[in-house]
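S.K.: Input: one structure, supplied below.
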Amino acid sequence: MPHNGNSDTTQHDAGQAFEDVVALLNYPMFVVTTRWEEQRSGCLVGFASQVSINPPRFLVGLSNKNHTYGVAVNAEHLAVHLLTREHLALATLFGEQTGDEIDKFAQCEWRTGPHGLPILDDSAAWFSGRILERLELGDHVAFLLAPENGSAPEDLGELITFSDVRDLEPGHEA
């Protein structure tokens, strides 16, 4: 029997193996905000990634149970914010609280950005994009964005990652 050279691996069924692998990853976390009519909403997001270089495309996964999804399903644009570790309180606000119960924007500094989107003042970088498609992916819905506007410094610093927020109590189940 061939040996793979790694004696520290344990073989599991496909579902358990996948859970074990993703538990090892330390994804960057984002705060996504949106607006539809007079409603504003935002949440902490861990499922997000650039998915194309040319044309530029970004995919955001929103839980179909949270307040932000309920606003985003009607919206035309989303804003994606990167936060540094010095703004962990902002990640906690958008990760643990739900817009069903509080106005998160009353508890942080923000301004009105492109297309009336709420832009968080304490984000290290942000971009907004037009929603091109929505795709149901189980308990999350993927929003495919065409980036349009944004702001980024030369150096981001230490971004908030999953390990920084893994102990947060979400405002909604996933």
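The values are calculated or read from the model by the stated rules, or taken from the named source; none is laboratory data. All figures in this text were calculated on a predicted structure; none of them were measured in a lab. Neighbour counts are summed over all protein chains in view; Cβ atoms, including those assigned to glycine, are modelled from backbone coordinates with ideal geometry. When the accessible area is computed, the model is the full protein with side chains, heavy atoms only, and any ligands, DNA or RNA have been set aside. Shrake-Rupley method; radii C 1.70, N 1.55, O 1.52, S 1.80 Å.
S.K.: Could you give the alpha-carbon Rg of segment 45-89 over 2.2 N^0.38 Å, rounded to two decimals?
M.R.: Against the empirical 2.2 N^0.38 Å value, I get 1.35 for segment 45-89.
S.K.: Hey, what number do you get for the chain at 222 nm if only DSSP H runs of n ≥ 4 count, each worth -39500 (n - 2.57), divided across all residues, to the nearest 500?
M.R.: Roughly -4500 deg cm²/dmol at 222 nm, from the helical runs in the chain.
S.K.: Taking the C-alpha atoms of segment 9-58, how large are the radius of gyration and the largest Cα-Cα span, Dmax, in Å?
M.R.: Radius of gyration, then largest Cα-Cα span, for segment 9-58: 16.6, 52 Å.
S.K.: Two decimals, Cα atoms only, Kirkwood Rh: what is Rg/Rh over segment 96-169?
M.R.: The Rg/Rh ratio comes out at 0.98.
S.K.: May I pose another question? Accessible area per residue, 1.4 Å probe, Å², for the chain: what's the number?
M.R.: Per residue, the chain has an accessible area of 59 Å².
S.K.: Using alpha carbon coordinates only, what is the Rg to Rh ratio of segment 37-136, with Rh defined as the Kirkwood radius?
M.R.: 0.93
S.K.: Give me the percent relative contact order of the chain, please, defined on Cα pairs under 8 angstrom at least 6 residues apart.
M.R.: 26
S.K.: Based only on Cα atoms, what mean projected area does the convex hull of the chain have, in nm²?
M.R.: 12.5
S.K.: Tell me which residues come under 5 Å, amide H to amide H, from Gln97 once H is placed; ignore anything under 5 positions away on its chain.
M.R.: Gly171
S.K.: Any idea which of Leu117, Val31, Gly70 is furthest toward the positive side of the dipole for the chain, if Lys and Arg beta-carbons carry +1 and Asp and Glu beta-carbons -1?
M.R.: Going by the charge dipole, the pick is Leu117.
S.K.: On to the next question. Dipole magnitude of the chain about its Cα centre, charges +1 at Lys/Arg Cβ and -1 at Asp/Glu Cβ only, in debye to the nearest 20?
M.R.: With only Lys, Arg, Asp and Glu charged at Cβ, the dipole is about 520 debye.
S.K.: Okay, next question. Ignoring ligands, DNA and RNA, please state the percent of accessible area on the chain from carbon and sulfur, probe 1.4 Å.
M.R.: With neighbouring chains kept in place, the figure for the chain is 49 percent.
S.K.: Using a 10 Å cut-off on Cβ atoms, rank the peptides 58-69, 109-120, 16-27 from the highest mean neighbour count down.
M.R.: Going by the mean number of other Cβ atoms within 10 Å, highest first, we get 58-69, 109-120, 16-27.
S.K.: Projected onto the charge dipole of the chain (+1 at Lys/Arg Cβ, -1 at Asp/Glu Cβ, origin at the Cα centre), which of Val22, Gly150, Leu82 gives the Cα projection farthest towards the positive end?
M.R.: Sorting the options by dipole projection puts first Gly150.
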